[in-house]
Ligand SMILES: [Fe+2]
């Protein structure tokens with residue numbers, strides 16, 4: 001490696017502790033179980049996250065840019081087997097052959113090896129979906145990357161969706177469609193062009209259409225209801241001009257205003273109506289649904305975008321997310337989003353019983369930050385029953401941290417929320433991880449099963465439950 005760009009792997013906080021990558025691809029079978037795995041729990045929890053193959057070439061390493069690694073927890077007959085594999089992307093393959101990192105952080109051409117300039121630098125590290133009979137590893141700005149659902153062997157990019165797809169498509173539980181978007185598409189980097197797309201239940205592209213946003217924004221997630229789709233354009237702005245001046249490509253710029261574009265799913269993008277709200281940021285949406293002439297969306301709202309600098313490059317102020325309800329009035333009376341807090345705990349990674357995606361939901365879960373608001377290392381799981389207003393908390397002590405909660409239904413036709421919550425917990429004192437299972441509506445009673453891994457799995461982003469049969 002060029003000496004002037006070689007840095008110590010410990011330079012980034014995202015390479016320390018349980019952010020640090022693991023170096024093995026393993027198969028563990030019949031893992032030790034404390035408690036009892038429910039007899040009806042049969043399927044796979046897939047979890048995706050960054051696991052950089054090599055030390056970075058520059059000081060810009062960020063949690064978001066490490067090579068993707070898929071972790072699969074297969075549950076069957078009261079037993080669990082675990083497998084993890086890298087997403088062998090073109091970037092991973094080129095770097096593996098070279099025996100070192102070739103791409104700069106965020107694909108920065110200034111710190112990339114000349115041999116990879118212009119090559120695909122996707123990492124497939126953010127989310128995972130089971131759709132159309134395929135396991136898709138997803139990331140912010142590339143096509144979905146397909147992996148074998150059992151062996152986790154990499155099958156390569158699935159270029160069936162007309163280009164890039166962000167990490168958070170929604171699967172319509174009634175039609176099986178995958179509804180998705182991409183932002184900053186087109187030839188010019190950091191453009192304000194957004195793509196809206198739909199694939200049918202078999203994974204065939206049936207629609208993809210571009211439109212212009214008020215400005216280029218990092219749009220991590222969006223909302224889809226039975227009848228509508230909503231695009232948040234919030235002022236974590238992208239600017240090529242700023243980046244060319246040596247400033248941050250993405251930065252907090254509240255003066256740009258905050259907008260959410262709303263359109264009917266069956267309409268043309270020219271019909272998008274832009275609602276406004278105060279400057280804020282949202283990485284993740286719990287759910288959204290139609291309610292007569294209103295749309296309701298529950299989101300994890302920050303006062304300002306975390307993890308990113310101000311437009312002048314200065315460090316941003318701390319910020320954390322709280323569950324917040326947005327209401328959109330479709331009657332024409334107002335273009336202002338009504339916003340009301342639903343809970344006071346700082347949190348992230350909100351999830352529902354996915355069978356209610358786009359429909360009114362009674363139950364929601366998220367990972368909370370009780371002791372360190374804004375720190376992604378969550379120390380509690382939270383369940384909210386929106387019908388009763390009851391909040392239940394399962395806390396972790398001693399520095400232990402918990403992943404996003406993922407719901408597994410008791411059966412295909414079980415009532416909403418009737419099932420289990422699955423998650424992965426990092427045990428700080430042992431520097432090891434557990435796969436945990438809770439009764440979904442009784443998490444404060446503690447886990448019904450704790451499955452011990454012989455080593456840790458690094459902090460990751462999102463997971464998906466795929467039931468057997
Ligand atoms: Fe996400």
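Only the coordinates and a few stated rules stand behind these numbers; no lab work does. Since we're looking at a predicted model, the values are computed, not measured. Neighbour counts are summed over all protein chains in view; Cβ atoms, including those assigned to glycine, are modelled from backbone coordinates with ideal geometry.
Quick rundown of the values:
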| item | result |
| --- | --- |
| Amide N of the stretch 81-96 lying under 19 Å from the label point, which is placed 7 angstrom from the Cα of residue 119 along Cα→Cβ | 86-96 |
| Highest to lowest packing among 126-133, 322-329, scored as the average C-beta count within 10 Å | 126-133, 322-329 |
| Residues listed by number, the stretch 117-133, amide nitrogen under 20 Å from residue 202 label point at 7 Å toward C-beta | 130-133 |
| Calculated FRET value between residue 34 and residue 468, using beta carbons and R₀ = 22 Å, to 0.05 | 0.45 |
| Gain in span if fully extended, residue 79 to residue 273, counting 0.36 nm per residue against the direct Cα distance | 64.8 nm |
| Packing-based order for 175-186, 23-34, using average beta carbon neighbours within 10 Å, highest first | 175-186, 23-34 |
| Relative contact order [Cα under 8 Å, 6+ residues apart], the stretch 3-467, whole percent | 12 |
| Contour minus Cα-Cα distance for residue 187 and residue 315 (0.36 nm per residue) | 43.1 nm |
| Peptides ranked, highest mean first, by Cβ atoms within 10 Å: ranges 386-394, 454-462 | 454-462, 386-394 |
| Where a label projected 7 Å from the Cα of residue 339 along Cα→Cβ would reach, residues of the stretch 262-279 with amide N under 14 Å | 275-279 |
| Cα-projected label distance for residue 392 with residue 430, points at 7 Å along beta-carbon direction, nm | 2.4 |
| Estimated inter-spin distance, residue 212 and residue 329, nm [label 7 Å along Cα→Cβ] | 2.9 |
| Label-point separation, residue 153 to residue 23 (7 Å along Cα→Cβ), nm | 2.7 |
| Cα shape, the chain, gyration tensor, a/c 1.5 rule | rounded |
| Full-extension gain in nm, residue 226 to residue 411, via 0.36 nm per residue minus C-alpha separation | 64.3 nm |
| FRET E, pair residue 362, residue 240, Förster distance 56 Å, beta-carbon r, rounded to 0.05 | 0.80 |
